[in-house]
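Worksheet: the structure to be examined is printed underneath.
The values are calculated or read from the model by the stated rules, or taken from the named source; none is laboratory data. Small disclaimer: the values here were computed from a predicted structure and weren't measured. Here the Cβ is made from the backbone with ideal geometry for all residues, glycine too, and neighbour counts use every protein chain on show.
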Amino acid sequence: METGKRFDEDNFKHWKDTFKFQSYDENKGEYKNVKINMEDVMDRIDHYRKKYDEDDAFVRAVVDTHDDVIKIMFTKDLAHLTESHQILGLAKVLQSLRESRGEMEIWSVSRPADGNWFLVKGSFNKKELSNMDLKKIEPKDKEEEPVKKPEERLKKKEERAIELLKSNEMEGLNKLPLKIKNKVKEKMDNGWSTIPPFQFLKDFYKKSDINSAFNGKIEIFKLKPNSSFFKELESNSPKIRINRGFCRSLYLVKNDADINENQKKVVDHILSNCDEKFQGKFGVRYKF
């Protein structure tokens, strides 16, 4: 792997959007977000890239250059860190219990008085970290990676975008190639969504797809309601977890079929929640 690698815009955006670093205010007894000095981090990151992948190297460079960082947080599956210390004893039980909660993956930073530091997967306070029984895991030197062709990088980036589109249209759109992005937005403007429908409403959708630039097809869905749809929506309304695609679909079809007064109240309530969450920007007529 070449040294002194220049990181492109995607690296920085990924790190900024993914990781949250926190310190602890002893006086107030609360965690605070740490502002990262990227210049210091970039000066240090090559040291860690010899043994760790990009996310690992970045996080370790931050911890090494920011003495107040004691906690790292990120949404599960959006990044990967490697354990360099294996937890033993009671701490391992606590790690298992705490790791199963919520959508966030949390890592703690132990900073012994000797000036060393190490990362531990899980949420632990200072006292717990100081009493931990740990076994060090020495990472092997990374093998030199072949330089990827530009089209391979673009294919991988588009692949991530297509996967994101299934849960978050905005994030997915922003990572698509411009030509494909415009095609998807045009379909969205006409009521299509890249987010799969709720299971209990799937029979009221038709399915199509859009060709991507480097990968397979992008699946899209369009709501085709009838009176039965609004009955199902009314009876299953507590199960609705609003997303931009569903808000747009419901907004565009709310007047397409006869609905009774109770069903109209359900629709109005859902759309009111949509308005509050997305400030009315459901992707209709390119309002993104």
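Table: residues versus (1) touching a Leu at 6+ places or on another chain (Cβ under 9 Å); (2) in a helix (DSSP H, G or I); (3) under 25 Å from residue 279 (Cα atoms).
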site: 214; (1), (2), (3): yes, no, no
site: 221; (1), (2), (3): no, no, yes
site: 225; (1), (2), (3): yes, no, yes
site: 228; (1), (2), (3): no, yes, no
site: 231; (1), (2), (3): no, yes, no
site: 234; (1), (2), (3): no, yes, yes
site: 249; (1), (2), (3): yes, yes, yes
site: 252; (1), (2), (3): yes, yes, yes
site: 255; (1), (2), (3): no, no, yes
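Mind listing just one residue for me: the one in the stretch 56-103 that is modelled with pLDDT under 90 and of a type in the set (Lys, Arg) and, of those, nearest to the chain's Cα centre (by Cα)?
Once the filter is applied, the top-ranked residue is 76.
Give the residue that is nearest to residue 205 (Cα to Cα), with candidates limited to residues of the stretch 227-271 that are polar (S, T, N, Q) and surrounded by 13 or more Cβ atoms within 10 Å (Cβ to Cβ).
Of everything passing the filter in the stretch 227-271, 249 is nearest to residue 205 (Cα to Cα).
Do we find that residue 272 is out of contact with any Leu (no Cβ under 6 Å at 6 or more places or on another chain) and small (Gly, Ala, Ser) in this structure?
For residue 272, the condition - out of contact with any Leu (no Cβ under 6 Å at 6 or more places or on another chain) and small (Gly, Ala, Ser) - is met.
Just one of 216, 245 is small (Gly, Ala, Ser), touching a residue at least 60 places away in the same chain (Cβ under 8 Å) and closer than 23 Å to residue 172 by Cβ; which is it?
Exactly one of 216, 245 is small (Gly, Ala, Ser), touching a residue at least 60 places away in the same chain (Cβ under 8 Å) and closer than 23 Å to residue 172 by Cβ, namely 245.
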